[in-house]
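This report refers to the structure that appears directly beneath it.
The values are calculated or read from the model by the stated rules, or taken from the named source; none is laboratory data. What you see is a predicted model, and the numbers here were worked out from it, not measured in a lab. Cβ: placed from backbone, ideal geometry, glycine included. Neighbour counts: every protein chain shown.
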Amino acid sequence: MYMEQNQHFKDKLRSWFSLLTNKKATKGARISFQVAWNLILLFIVVVVLVGSFAGGVGAGYFASLVKDEKVRPYEKMKKDIYNYEETSDIYFADNVYLGKLRTDLEREEVKLDNVSQYLIDAVVATEDEYYYEHNGVVPKAIMRAVFQEVTNSSVQSGGSTLTQQLIKNQLLTNEVSFERKAKEILLALRLEKFFDKKEILEAYLNVSTFGRNSSGRNIAGVQAAAKGIFGVNAKDLNLAQSAFIAGLPQSPFGYTPYTQAGELKTPEGLEPGLTRMKTVLKRMYDNGKIDQKQYEEALAYDITKDFIPRVESTVEKYPYLTMEIEKRAVEIMTEILAKNDGYTEQDLKNNSELQNEYEILADRNIRQNGYQIHTTIHKGIYDAMQTAKDNFAYYGSDKVEMVKDAETGEMKEVIEPVQLGAILIDNSTGKILSFVGGRDFELNQVNHATFSTRSNGSTMKPLVVYAPALELGKVSPGTVIPDVEVYLDPHRPNEPYPRNYDKTYSGLVSARHALAMSYNVPAMLTYRTIIDQRPAQYLEKMGFTTVIENDYTTNSLALGGITNGVTVEENVNAYGTFANGGKFIDAYMIEKIVDKNGKVIYQHEVEPVEVFSPQTAYLTIDMMRDVISNGTASSLKGRLKFNSDWAGKTGTGQDLKDSWFVAVNPKVSFGVWNGYDTPKPLELRYKGLHHGARNVYLWADLMNAAYDAAPELVTSNQQFQMPGGIVRRSYCAASGLLPSEACSKAGLVETDLYNAKFVPTQSDDNFADGKFVYIGDKRYLALESTPEEFTKNGVIISPKLFEEKYRIPIKDVSQLIPKREKWAGLFVADSKLEENGKNPSAPSVSLSNSKIIWNQHPENDVIGYRIYQKSGGTIKKVGSITAGDQRSYQVSTGEYYVTAVDIAGKESAPSNVIQFGQTEPPPDKDQPSEPPKEDKDPPDDGDGSNPGSGTSPGDGNEDGDNQPPMDRN
């Protein structure tokens, strides 16, 4: 079989050879070859011509697409390439890192030298394996793009180099079009001409997005990715970690290991990212970036153990603080940007649209440019105060408020807790060292320390009443002011206004005592003496931003009735004026702002404002010391862990809707407010504590926390230093004038501090000796005929001094006399008791155990009672009791009766006779039932005679059975 096939092959060769040696056949073959060759040449020429034409058309079309793209110079391209957003960092005081500002995309710039070589190799191998060989584009990608456009096929963006991706992200948009692709190619070529490969790669690594971090925030840049996913810097990433991060840009949110809430995904959710990591490792191995051992070890590495657990973002951990820093940083940047464009602060105030425009620009600027924002907040104090706030147990009960739902319009129940706002300010610098914005940011995002405005109650009194009046020479600590019923509301002329908190009155009091006890009437009366000099201007000098013209003319400002309320920060900041010797230093929170190149673009400067004289400031401080030592804040005693020279003031809003306590020492000012967000009364008592004491206790707990964290910042052994120009002088406590002999005799001389410019110079001539009677706790001027047994010697004063000074009528002048022992001998001359012109009716008495008792006499001019005893045939007076005292008399065996005596000395007929114990046999029928004429003075007839000769109780002549009058203290 083989032999046959071999012979057949030989026969074929002979046949072909015979054909080639045939001349005719040879000529035909040459002709055929020439025709074929010419056809091939013609085809090549046609292809070249068509290709050249197509290339020219393509080149022309490409040129038409990029004709509007101006040639970008180096500096412009550099600025645009490196103009990527970088999140600003914020710091506590002393350069203690706090975190990052809120932003839609967190990014942290990093130099290429600080990036792991594993990560660099992984990115190049995955995204652009010819990165170091091409000049910005890969030709086949260009041809593919031309073909796709000519054939009208769908445009694909795949195959872009790292340079093209950088151009797309930084210089162009994400629009899918050939025009954008053409510009991308042109700019990529130009970028490669201007920048070296390291610069381009560094920019790319800082620009690319990498999904979410462990706080659920969107991240960009490899440094933010390394920190946010693995908790390390980009330079410290291992091979597996680098491969994982390098794989993220293809599908950042598909491959990211975290949810929007910052929680780690389920194993199923992690799988796409882990698979992508393996793909990256394979490409690194195929490109020779890692050897087989490294490849296998990385594949076997459990990357899931490196994913860090959820981390609270800055705004989650410090919500009130972060939001406040953002707000203040934007305010500062608004002024900077406007000033750079030639606008003034006043221009912004006068043009709301301009203000809004620059606020938007500032907000964007502060979030995107990688600033370092340094604050005054002391981390230790701030953290300690938040803990103390959470642990406080005496806020009060939550209350239900019905509010309208913004979306549905339906009414719904909202539970409102008692809120608080507190702030701690360094006096000498104005630095805000700490604050408490509220009890729960999730419940209410309002910062109650810096934003909420409320009535500041009686904490307004030192600011707008006493300090201005001291400055104007209208009051001194020893100035005497009437705390009596007055009617200062023109809309309610018959209703007392203002009222004190407890609706009682204390009579003549010093300004010092009135402030310590927070009496409303003296404060408003004092304010009325200076209102024409517009004391509200002092509030504006001390940083109050809510004062309006109406506040300048209303009496209620003296009691905290400011129309638009005041923030805790403004209220506390104003108190620092007294600690600073009368100079106001505005509080601030942003110390400085530094750009990413290290240049300080903002530095706070302290600018003191002269408000009060040093003498006024010190006298106000000294008066407020009494608030704490024996006034409305005396509950602070024993609550603090440390000693300091504190001076302060409590305050209560109308209807108990607000509760305040503000105090200063030589180092700091600190204040606390309590109340409901929707104003409603606080509980008068909660867990046994009065609302005022609760707020003082909270103040103490927060201050103790501050002391524990940084004692050197909140206290010192230094006392407030008394300036020159202050003297100590005596004054009469019944007038505030220089003491007269009568005042001294009455025991009413006091001493106090004075501004040497405003010491009293007028002597007191408002006194006269006189007699008075008591009816209950009221005093009345005795008549010449008033029996001495019912009178007391005293000193008479006139109300005219106070009526003229304060321009008020005093309807009940008896209220001028304080109900204190030292004032027992003083009464008002105009306190007269009118007698009714007739003898009083006889009282009715009864026996109770061993006492005879009777009811109060119905006639108003009765000033006392006489008790008589019948013994045998004689009748004698055994006691006298002042009207209003206890109406009873301890008796022994015998018969008794009682008579009533009026202011004129007229005596009633005897009461019914009361018999106690065994008595002598009754007299015969002829025995009179009244005292014999010779043993008893006749009834008073108006001539001023004094009926009766018995002694009054308690004069040393009684046996002690009868009871002394009640204590008048």
Which one is farthest from the chain's Cα centre (by Cα) among residues in the stretch 268-296 that are in contact (Cβ under 8 Å) with a residue 24 or more places away in the chain and within 30 Å of SER313 (Cβ to Cβ)?
VAL280
Which numbered condition LYS771 misses (of (1) free of Cβ contacts under 8 Å to residues at least 24 places away in the same chain; (2) in a loop (DSSP other than H, G, I, E, B)):
(2)
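Taking the stretch 306-356 as the search range and keeping residues that are among the acidic types (Asp, Glu) and touching a residue at least 60 places away in the same chain (Cβ under 8 Å), which one is farthest from ASN447 (Cα to Cα)?
Quick first cut of the stretch 306-356, residues among the acidic types (Asp, Glu) only: 306, 312, 316, 324, 326, 331, 335, 341, 345, 347, 353.
From what is left, the residues that are touching a residue at least 60 places away in the same chain (Cβ under 8 Å) are 306, 312, 316, 324, 326.
Values: ASP306: 38, GLU312: 20, GLU316: 15, GLU324: 8, GLU326: 13 Å.
Among residues in the stretch 306-356 that are among the acidic types (Asp, Glu) and touching a residue at least 60 places away in the same chain (Cβ under 8 Å), the one farthest from ASN447 (Cα to Cα) is ASP306.
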From (1) surrounded by fewer than 24 Cβ atoms within 10 Å (Cβ to Cβ); (2) assigned to a helix (DSSP H, G or I); (3) of a type in the set (S, T, N, Q), pick out the condition that doesn't hold for THR577.
(1)
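Do we find a residue being at pLDDT below 90, surrounded by 13 or more Cβ atoms within 10 Å (Cβ to Cβ) and assigned to a helix (DSSP H, G or I) anywhere in the stretch 331-345?
Within the stretch 331-345, the first condition is being at pLDDT below 90, and the residues that meet it are 345.
Add one more test, that the residue is surrounded by 13 or more Cβ atoms within 10 Å (Cβ to Cβ), and what stays is none.
Looking for residues that are at pLDDT below 90, surrounded by 13 or more Cβ atoms within 10 Å (Cβ to Cβ) and assigned to a helix (DSSP H, G or I), one finds none in the stretch 331-345, hence no.
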Counting only residues that are in contact with a Phe, Trp or Tyr (Cβ under 7 Å, 6 or more places away or on another chain) and not in a strand (DSSP E or B), which one in the stretch 418-442 is surrounded by the fewest Cβ atoms within 10 Å (Cβ to Cβ)?
PHE441
Please identify the pairs in which a residue from the stretch 494-521 that is more than 22 Å from ALA663 (Cβ to Cβ) has its Cβ atom under 7 Å from the Cβ atom of a residue that is in a loop (DSSP other than H, G, I, E, B) and among the acidic types (Asp, Glu), counting only partners at least 6 apart or on another chain.
GLU495/ASP489; PRO496/GLU485; TYR497/ASP489; TYR505/GLU485
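Take the conditions out of contact with any helix residue (DSSP H, G or I) (no Cβ under 9 Å at 6 or more places or on another chain) and either assigned by TED's automatic domain parsing to the domain that holds ASP902 or not basic (Lys, Arg) (or both) and apply them to LEU801. Does it pass? Reasoning before the result, please.
Numbers: out of contact with any helix residue (DSSP H, G or I) (no Cβ under 9 Å at 6 or more places or on another chain): yes; either assigned by TED's automatic domain parsing to the domain that holds ASP902 or not basic (Lys, Arg) (or both): yes.
Yes; evaluated as a whole, the condition is true for this residue.
For every residue, the table says whether it meets (1) assigned by TED's automatic domain parsing to the domain that holds SER116; (2) aromatic (Phe, Trp, Tyr); (3) over 22 Å from GLY228 (Cα atoms); (4) in contact with a His (Cβ under 8 Å, 6 or more places away or on another chain).
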{"site": "ASP286", "(1), (2), (3), (4)": "yes, no, yes, no"}
{"site": "LYS289", "(1), (2), (3), (4)": "yes, no, yes, no"}
{"site": "LYS293", "(1), (2), (3), (4)": "yes, no, yes, no"}
{"site": "GLU297", "(1), (2), (3), (4)": "yes, no, yes, no"}
{"site": "GLU316", "(1), (2), (3), (4)": "no, no, no, no"}
{"site": "ILE325", "(1), (2), (3), (4)": "no, no, yes, no"}
{"site": "ALA329", "(1), (2), (3), (4)": "no, no, yes, no"}
For the stretch 149-240, give me every one of the helices (runs of 4 or more DSSP H) that falls completely inside it and has 1 or more residues that are crowded, with 19+ Cβ neighbours inside 10 Å, at pLDDT 80 or above and in contact with a Lys or Arg (Cβ under 7 Å, 6 or more places away or on another chain).
197-207, 222-225
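Please determine, by comparing only the residues of the stretch 83-115 that are among the basic types (Lys, Arg) and under 14 Å from ASN218 (Cβ atoms), which one is modelled with the lowest pLDDT.
Kept after step one, since they are among the basic types (Lys, Arg), are these residues of the stretch 83-115: 100, 102, 107, 111.
Among the residues that remain, those that are also under 14 Å from ASN218 (Cβ atoms) are: 100, 102, 107.
Numbers: LYS100: 89, ARG102: 82, ARG107: 86.
Ranking the qualifying residues of the stretch 83-115, first place goes to ARG102.
Which members of the stretch 95-139 meet the condition of being β-branched (Val, Ile, Thr) and under 30 Å from SER434 (Cα atoms)? Explain how you work it out, then say what you get.
To start, the set of residues in the stretch 95-139 that are β-branched (Val, Ile, Thr) comprises 96, 103, 110, 115, 120, 123-124, 126, 137-138.
The answer is VAL96, THR103.
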Can you tell me which of GLU570, GLU607 is farther than 26 Å from MET722 by Cβ and either loosely packed, with under 14 Cβ neighbours inside 10 Å or of a type in the set (Phe, Trp, Tyr) (or both)?
GLU607
Go through the stretch 351-393 and report how many residues are assigned to a helix (DSSP H, G or I), more than 30 Å from THR715 (Cα to Cα) and small (Gly, Ala, Ser).
2
Within the stretch 609-706, strands (runs of 3 or more DSSP E) holding 3 or more residues that are more than 17 Å from the chain's Cα centre (by Cα) and in contact (Cβ under 8 Å) with a residue 24 or more places away in the chain:
647-652
Of all residues in the stretch 708-739, how many are without any contact (Cβ under 8 Å) to a residue 12 or more places away in the chain and among the basic types (Lys, Arg)?
0
Looking at the stretch 847-879, which of the residues that are surrounded by 18 or more Cβ atoms within 10 Å (Cβ to Cβ) and hydroxyl-bearing (Ser, Thr, Tyr) is nearest to LEU783 (Cα to Cα)?
TYR865
Would you mind stating whether ALA558 is under 23 Å from THR715 (Cβ atoms) and buried (at least 18 other Cβ atoms within 10 Å of the Cβ)?
no
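Conditions tested, residue by residue: (1) assigned to a helix (DSSP H, G or I); (2) touching a Gly at 6+ places or on another chain (Cβ under 6 Å); (3) among the small types (Gly, Ala, Ser).
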site	(1), (2), (3)
SER518	no, no, yes
ALA523	yes, no, yes
TYR527	yes, no, no
ASP532	yes, no, no
GLU540	yes, no, no
THR545	no, no, no
ASN550	yes, no, no
Residue count, the stretch 694-719, condition farther than 14 Å from THR387 by Cα, in contact with a helix residue (DSSP H, G or I) (Cβ under 8 Å, 6 or more places away or on another chain) and buried (at least 21 other Cβ atoms within 10 Å of the Cβ), comes to 3
Pick out the one residue from GLU407, GLU495, GLU442 that is outside the structural domain of GLU607 (by TED's automatic domain parsing) and at pLDDT below 95.
GLU407
Leading residue by the ranking (farthest from TYR132 (Cα to Cα)) among those in the stretch 253-273 that are surrounded by 19 or more Cβ atoms within 10 Å (Cβ to Cβ) and in contact with a helix residue (DSSP H, G or I) (Cβ under 7 Å, 6 or more places away or on another chain)
PRO257
Condition test on GLU413, is it acidic (Asp, Glu), over 20 Å from the mean Cα position of the chain (by Cα) and in a strand (DSSP E or B)?
yes
In the stretch 880-893, which residues are crowded, with 20+ Cβ neighbours inside 10 Å and either in contact with a Cys (Cβ under 9 Å, 6 or more places away or on another chain) or among the polar types (S, T, N, Q) (or both)?
SER880, THR882
For the stretch 707-743, which residues satisfy the criterion of being among the hydroxyl-bearing types (Ser, Thr, Tyr) and part of a loop (DSSP other than H, G, I, E, B)?
THR715, SER716, SER735, SER740
